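See structure below.
The values are calculated or read from the model by the stated rules, or taken from the named source; none is laboratory data. Treat the numbers as computed from the prediction; the structure is a model and nothing was measured. A quick note on method: Cβ atoms are made from the backbone with ideal geometry, for glycine too, and the neighbour counts reach across all protein chains shown. For the accessible areas, the whole protein counts, side chains as well, though only heavy atoms, and no ligand, DNA or RNA atoms are used. Shrake-Rupley method; radii C 1.70, N 1.55, O 1.52, S 1.80 Å.
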Amino acid sequence: MNKKKKWNNTLKDKSLLGLRKNYLNDFRNKNEFYELIFYIKGWTKSDCFVYENDSFGEEDIKKFLELKEQLKTKPMSYVVKSSWFYGLNFFVDERVLIPRSETELIVDNIVRDKKNYDNYLDLCTGSGCIPIALSKYKTFKEIMAIDISSDALEVAKINCDKMESNIIFVEGDFLEPVLKLKRKFNLVTANPPYIDVNDKHVEDLVKNNEPHLALYAPEDGTMFYRKLFEEFYNIIDVTKPFKLISEFGFQQKEQIESLFYKSEIKYKINFSKDLAGHWRYFVIEN
Ligand SMILES: C[S@@+](CC[C@H](N)C(=O)[O-])C[C@H]1O[C@@H](n2cnc3c(N)ncnc32)[C@H](O)[C@@H]1O
């Protein structure tokens, strides 16, 4: 008899309360225990109170133990194949970065912005979380989203269909497709990879699971900002209301300022902090 089966049979109380008593301490935190239960049973928080004494079936217990095991080395979002972002539930797997709560601030900034923008470009789209969330709150004539990873774009398209958004996805290297097409946009959002390739402080859970293409960038992690500033006038339509907004690493403000002041851009740059008080994104607008 294998080890998992043995646990299963020795688990006397097969209800939620029983699972909680036996296994809660195996989880990184209480939320992860419940998230697994929601995923397996399709329950809500209140269902957990209503059904807390009901016995789980053999299959559910087996699944619970298997997924609990996976959680030892994998982030929850990859185990349950979903992640919440700006109130929407996105499909995610190992092909894309798990959307982060800091990134919601970019969406929120634009949602609160009274200006309207015709054409919208999202760079480094990953799961598509930024343009898809924005498309639920703002109307654009066109939304284009670029990523170099065809794998990531497959996930973005799944989310686009799931959320019934209308986005043109383009596979390509950062600004190259836009420069090639000689297209300019009024709104540009970006959350590029920005971790220095030599950074030794990246959490194991992140480093061992999330795509390195989504994490690391050359030039101390600032290469994409340099490119953005260099090509600013070739990608932004400054004849109309415009906004360029991008996330960056919490220790990169000074490097970004220095790149900005060396550039030809004649507009102001404003920096904003995240909820933890770290500098997190910049905005250039007219
Ligand atoms: C930090 S993730 C951001 C994903 C998503 N926008 C989000 O906020 O969750 C960066 C994304 O940039 C993509 N990427 C990396 N290098 C790129 C490049 N040269 N051109 C376009 N996309 C790139 C990666 O594939 C990844 O999906």
- Message: Restricting the calculation to Cα positions, tell me the Rg (one decimal) and the Dmax (whole number) of the chain in Å.
- Response: 21.9, 72
- Message: As a test of the formula, what do you get for the chain when each DSSP H run with n ≥ 4 contributes -39,500 (n - 2.57) and the sum is divided by the residue count, at 222 nm and rounded to the nearest 500 deg cm²/dmol?
- Response: -10500 deg cm²/dmol
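If you keep only loop residues by DSSP, which trypsin sites (Lys or Arg not before Pro) in segment 152-204 have at most 16 other Cβ atoms within 10 Å of their Cβ? Walk me through the numbers on the way to the answer.
On the way: sites: Lys157, Lys162, Lys180, Lys182, Arg183, Lys184, Lys200; in loops: Lys182, Arg183, Lys184, Lys200.
Hits after loop and neighbour filter: Lys182, Arg183, Lys200.
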- With label points set 7 Å from each Cα along the Cα-to-Cβ direction at Tyr51 and Lys262, the distance between them in nm comes to 5.8 nm
- At Leu17 and Ile148, where each label point lies 7 Å from the Cα along Cα→Cβ, what is the point-to-point distance in nanometres? 5.5 nm
- For Lys81 and Lys141 in one chain, what is 0.36 nm times their gap in residues minus the Cα-Cα distance, to one decimal in nm? 18.5 nm
- Note on the structure: At the level of C-alpha centres, the distance separating segment 207-284 and segment 120-170, in angstrom, is 20 Å
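Efficiency by 1/(1 + (r/R0)^6): what FRET value for Val111 and Glu203, r their Cβ-Cβ distance, R0 = 30 Å, to the nearest 0.05? Walk me through the numbers on the way to the answer.
Numbers: r = 30 Å, r/R0 = 0.99.
The calculated FRET efficiency here is 0.50.
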- Item | Label-point gap, in nm, between Asn270 and Glu171 - each point 7 angstrom along Cα→Cβ | 3.9 nm
- Just list whichever of Lys81/Lys180; Lys81/Lys157; Lys200/Lys262 have alpha carbons separated by over 25 Å in the model shown. Lys81/Lys180; Lys200/Lys262
- Item | Length released on extending from Asn89 to Glu58, taking residue separation times 0.36 nm less the Cα-Cα span | 8.3 nm
- Could you pull the accessible area for His212 with a 1.4 Å probe, rounded to 10 Å²? 90 Å²
